[in-house]
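*Asks:* This is the structure I have questions about; it appears just below.
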Amino acid sequence: MEHVHLAAEEDDLYSGYNDYNPTFDSEELDNDAGFQQAVRTSHGRRPPMTAKFPGTAIGGRALGTSFGSRMPMASSMGRPMTGAVQDGAARPMTAVRAAGYSSAMTRGSTFDPLGQSKGPAPPLEGKSEDTPDEKVKILEKKVNDLIEESCLAHGHGDLQLSLDRAKEAGRKERALVRQREQSGNADHINLDLTYSVLFNLATQYANNDMYAEALNTYQVIVKNKMFSNAGRLKVNMANIHFKQKNYPKAIKLYRMALDQISNSHKEMRIKIMQNIGVVFIRMGQYSDAITSFEHIMSESPNIKTGFNLILCYYAIGDRERMKKAFQKLICVPLGIDEEDKYIPPNDDTHANLVIEAIKNDKLHQMERERKALAEKFIMTSAKLIAPAIEATFAAGFDWCVDMVKSSQYVELANDLEINKAITYLRQRDFKQAVETLKTFEKKDSRVKSAAATNLSFLYFLEKDYDQADRYADLAMTADRYNPAALINKGNTVFVKKDYEKAAEFYKEALRNDSSCTEALYNLGLTYKRLGRLEESLDCFLKLHAILRNSAQVMWQLANLFEMLEDPHQAIEWLMQLITVTPTDPQVLAKLGELYDSEGDKSQAFQYYQESFRYFPSNIDVIEWLGAYYIDTQFCEKAIQYFERATLIQPTQVKWQLMVASCYRRSGNYQKALETYKDIHRKFPENIECLRFLVRLCTDMGMKEVQDYATKLKKVEKMKEIREQRVKSAREGSARGTRREGSASSEVDIKAVSHPEPKHSPLLDQGRDSGHSSHGTSAKGERLSAKMRALPGSNEPYEASSQRDIDASYVDPLGAPMERPKTAAKKRNEDDDFADEELGDDLLPE
């Protein structure tokens with residue numbers, strides 16, 4: 001009892017239960033100045049308080065916590081106080097512990113509910129690559145990478161590498177399937193990956209023209225029912241059969257693919273039907289093709305299908321349906337914006353910047369290409385059907401022009417009119433062509449310039465240079481930046497031999513259009529005429545960089561190097577030229593001439609022989625080959641060449657004399673005698689023939705020797721009389737002019753120089769009037785020397801001397817030695833200026 005403490009009557013045991021610490025009053029935090037300061041500043045980061053709490057509503061009692069030492073309280077002390085503790089005494093434990101607090105915490109420890117003071121977490125454990133799932137994932141990644149590499153290689157044009165990567169992807173994919181089967185996951189095969197591998201492999205087979213392998217791979221995909229929409233790949237299979245020209249099989253596969261594609265995929269069905277129509281055209285089944293194209297034009301019309309439909313109607317000759325199809329073609333919507341959209345307004349700076357940015361973007365380029373393609377198809381269709389839809393092609397063109405004027409392609413009407421004039425040209429109706437073009441003189445500047453350009457070109461071809469110059473000026477007035485007009489103006493100045501002025505016009509044309517090859521070619525010719533060979537060479541080298549396979553350019557380069565006395569470079573360019581035109585006889589003859597000038601007889605003989613094989617009527621080549629065989633002591637082989645020359649030039653006695661000389665040198669005297677007799681019947685006043693007849697008859701003991709001797713003396717006497725008359729006429733001439741000895745029937749054969757071999761017009765555009773071809777004259781001297789290699793008239797025919805008559809005989813009638821035309825005539829810029837190159841194409845720029 002002594003420990004029992006009785007409560008005083010004035011103490012209330014339940015006092016303080018309704019009191020609370022205002023610190024936990026969250027409703028009044030907005031008005032708490034200390035809390036607001038802690039939120040805005042670092043005031044709230046102070047160390048935890050260990051002193052007594054500030055006073056509260058309880059009065060002088062402190063808030064009891066679990067910090068500090070705990071002292072046992074005797075039960076006799078009565079009910080412990082929960083509202084406050086005495087100084088230095090700890091608050092007794094209660095049955096419920098506050099969340100986030102621990103009784104093990106000592107006074108002064110920091111608040112760390114996330115455990116950040118324990119340091120960083122340990123690193124994650126690495127996954128083992130030995131597990132089956134990891135192996136499968138690694139293989140799948142390798143397969144995807146190989147497919148991507150294959151596609152990229154195909155994009156770069158490396159078809160073999162793309163095929164190799166596709167094959168390797170196929171091997172990796174099969175290894176992946178085996179790996180899944182071994183791990184017991186055969187049900188989880190990645191079908192999308194398998195489809196991608198097979199489809200890419202089939203595509204790369206087709207790109208490498210391995211059609212059988214591609215078809216087998218596509219067949220594997222199509223037969224597998226697990227692949228959805230695999231039937232569409234029959235279109236690819238049909239494309240391969242089309243390339244193999246197996247048209248029935250292609251149509252069958254196209255139709256099978258069409259059956260497996262639903263009507264919701266309208267665009268794809270249209271494309272397949274278009275392919276079917278094209279295959280029918282290849283097979284010549286135009287009625288079936290028309291059925292497909294008409295269906296397309298009724299469902300989804302497009303330019304290509306409309307053009308193909310017109311072709312089919314043209315093939316079967318249906319005029320009315322051609323007209324209807326043309327009307328449908330010009331009504332097909334292109335789906336592009338108007339050009340007015342790209343005209344910038346003057347007041348809106350932002351809009352100007354936007355239009356400047358989109359003026360030449362990919363979309364606008366695609367629109368221009370689509371419009372250009374449509375105009376091309378319409379123009380081609382009009383030119384095709386115009387002669388067929390009406391009684392005359394002019395009426396047909398007029399109908400097409402009227403239809404085009406009422407459509408969205410109004411600007412094509414003028415181009416059709418110009419094409420009408422060009423059609424007149426093809427029909428050799430120059431008068432109608434000129435009249436048609438003259439109708440454009442009062443139209444807008446673009447059409448007027450194009451018509452005037454073509455008129456200038458026509459008059460230039462007709463060698464009416466005044467009219468050509470007039471219309472060239474008119475074209476330049478209408479459009480000063482028209483390169484074709486400038487070229488035609490330069491041509492008219494060129495033929496007047498004002499080369500400096502012509503060069504200025506060609507340069508201006510190049511400034512307006514740097515890709516104008518006609519201007520560059522003509523500028524090179526002009527520099528060549530002016531003797532500025534280095535500048536001419538520079539022009540043709542630039543032109544060769546643009547036109548890599550132009551035979552004319554290569555010939556000009558070879559000729560320039562020959563003029564610059566660099567025969568090795570000339571031979572190099574001619575060797576390149578014969579890779580482009582391997583059967584050109586003049587190029588081969590020129591190579592033979594250059595090798596002959598270099599002293600390489602074997603190479604010269606080879607190229608002359610090839611030239612003769614392709615064109616056996618070139619006198620220069622025949623003459624060189626005959627002289628070559630005489631020089632090498634094979635007179636029997638030379639006979640065939642001189643006989644051919646006799647057929648080409650029957651009025652030239654020298655070829656027949658060479659035939660007789662070859663028979664005589666080869667020991668066939670009887671044949672030689674017969675040949676000389678035949679020559680005497682054709683040319684009875686030929687002195688050389690009579691001399692050889694006298695000698696042969698004398699040596700062979702024939703009775704005709706006296707007759708031939710009498711004739712020889714008579715002819716020689718007549719020759720002396722004529723020479724005296726000519727000499728007297730020259731001496732008595734007051735003007736002192738020299739007359740040509742055309743009245744003489746015979747000229748001293750050894751005194752006649754060998755005529756310079758003419759350059760063939762084939763590709764020979766390199767000789768200028770002021771340029772003497774030393775190589776050509778040297779060739780003539782050599783040939784004359786060779787033909788004088790037979791025994792002379794004052795020596796016995798058995799002599800071993802290498803001298804004989806000169807074959808350069810002059811016909812008594814004074815007829816010049818004519819040269820036959822070559823089989824393929826090309827331009828010579830000295831005689832016939834390169835008008836086709838100088839004049840622009842008949843189509844307007």
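The values are calculated or read from the model by the stated rules, or taken from the named source; none is laboratory data. As the structure is a prediction and not an experimental result, all values here were calculated from the model. Neighbour counts run over all protein chains shown; Cβ positions are idealised from the backbone, glycine included. Note: areas computed on protein heavy atoms with side chains; ligands, DNA, RNA excluded. Shrake-Rupley method; radii C 1.70, N 1.55, O 1.52, S 1.80 Å.
*Asks:* Please report the net charge: other residues with Cβ closer than 12 Å to the Cβ of ASP466, K and R +1, D and E -1.
*Replies:* Neighbour charge sum, excluding ASP466 itself: -1.
*Asks:* Over the stretch 132-342, what is the mean sequence separation of C-alpha contacts under 8 Å (at least six apart), divided by residue count, expressed as relative contact order in percent? Display every interim value, and only then the final one.
*Replies:* Values: 208 pairs, mean separation 21.3, N = 211.
So the answer I get is 10 percent.
*Asks:* Another question, then. Contour minus end-to-end for THR131 and SER515, with contour as 0.36 nm per residue of separation and end-to-end as the Cα-Cα distance? Could the numbers behind the result be given before it?
*Replies:* Working: separation 384, 0.36 × 384 = 138.24 nm, distance 6.57 nm.
Between THR131 and SER515, full extension yields an extra 131.7 nm.
*Asks:* Shifting gears a bit: Roughly how many nanometres apart are two label points built 7 Å out from the Cα toward the Cβ at GLN606 and GLU535?
*Replies:* Spacing of the two 7 Å Cα→Cβ label points: 4.0 nm.
*Asks:* Quick check: residue separation of LYS266 and LYS225 times 0.36 nm, minus the Cα distance between them. What number comes out in nm? Could the numbers behind the result be given before it?
*Replies:* On the way: separation 41, 0.36 × 41 = 14.76 nm, distance 2.43 nm.
Extra length from LYS266 to LYS225 when fully extended: 12.3 nm.
*Asks:* Between GLN327 and GLU375, how many nm apart are label points set 7 Å from Cα along the C-beta direction?
*Replies:* Modelled inter-label distance: 2.6 nm.
*Asks:* Once the dipole of the stretch 132-342 is set up with Lys and Arg at +1 and Asp and Glu at -1 on Cβ about the Cα centre, which of THR305, ILE330, ILE147 lies farthest towards its positive end?
*Replies:* THR305
*Asks:* While we're looking at this one, here's another question. Which links in LYS371/LYS489; LYS324/LYS431; LYS234/LYS304 stretch past 25 Å when you go from one Cα to the other?
*Replies:* Pairs exceeding the cut-off: LYS371/LYS489; LYS324/LYS431.
*Asks:* With the crude spin-label approximation of a point 7 Å out along Cα→Cβ, what separation in nm comes out for ILE316 versus ARG40?
*Replies:* Placing both labels 7 Å along Cα→Cβ, they lie 9.4 nm apart.
*Asks:* Shifting gears a bit: Give, in nm to one decimal, the length gained when the segment between GLU685 and ALA175 is fully stretched (0.36 nm per residue of separation minus the Cα-Cα distance). Mind showing how you got there, number by number?
*Replies:* Numbers: separation 510, 0.36 × 510 = 183.60 nm, distance 10.01 nm.
That pair, GLU685 and ALA175, stretches by 173.6 nm at full extension.
*Asks:* Ok, one more. List the trypsin sites (Lys or Arg not before Pro) in the stretch 531-565 that DSSP assigns to loop (not H, G, I, E or B) and whose Cβ has at most 11 other Cβ atoms within 10 Å. Which are they?
*Replies:* Taking the stretch 531-565 and a limit of 11 other Cβ atoms within 10 Å, the loop trypsin sites (Lys or Arg not before Pro) found are ARG548.
*Asks:* If I compute solvent accessible area with a 1.4 Å probe over the protein chains, what percent of it on the stretch 132-342 is carbon and sulfur? Write out the running numbers ahead of the final one.
*Replies:* On the way: 5590 of 11660 Å².
Roughly 48 percent of what the probe reaches on the stretch 132-342 is carbon or sulfur.
*Asks:* Here is a further query. Go through LYS243/LYS328; LYS323/LYS362; LYS245/LYS266; LYS677/LYS717 and tell me which ones have a Cα-Cα distance over 25 Å in this structure.
*Replies:* On the way: LYS243/LYS328 31 Å; LYS323/LYS362 35 Å; LYS245/LYS266 27 Å; LYS677/LYS717 21 Å.
Over 25 Å Cα-Cα: LYS243/LYS328; LYS323/LYS362; LYS245/LYS266.
*Asks:* Let me ask another. Take the alpha carbon atoms of the stretch 132-342, find their radius of gyration, then divide it by 2.2 N^0.38 Å using N residues; give the quotient.
*Replies:* Working: Rg = 22.1 Å, N = 211, 2.2 N^0.38 = 16.8 Å.
Taking the Cα Rg and dividing by 2.2 N^0.38 Å, one obtains 1.31.
*Asks:* Now for a separate question. Any idea what the dipole of the stretch 132-342 comes to, in debye rounded to 20, about its Cα centre with Lys/Arg Cβ at +1 and Asp/Glu Cβ at -1?
*Replies:* Computed about the Cα centre, the dipole is about 820 debye.
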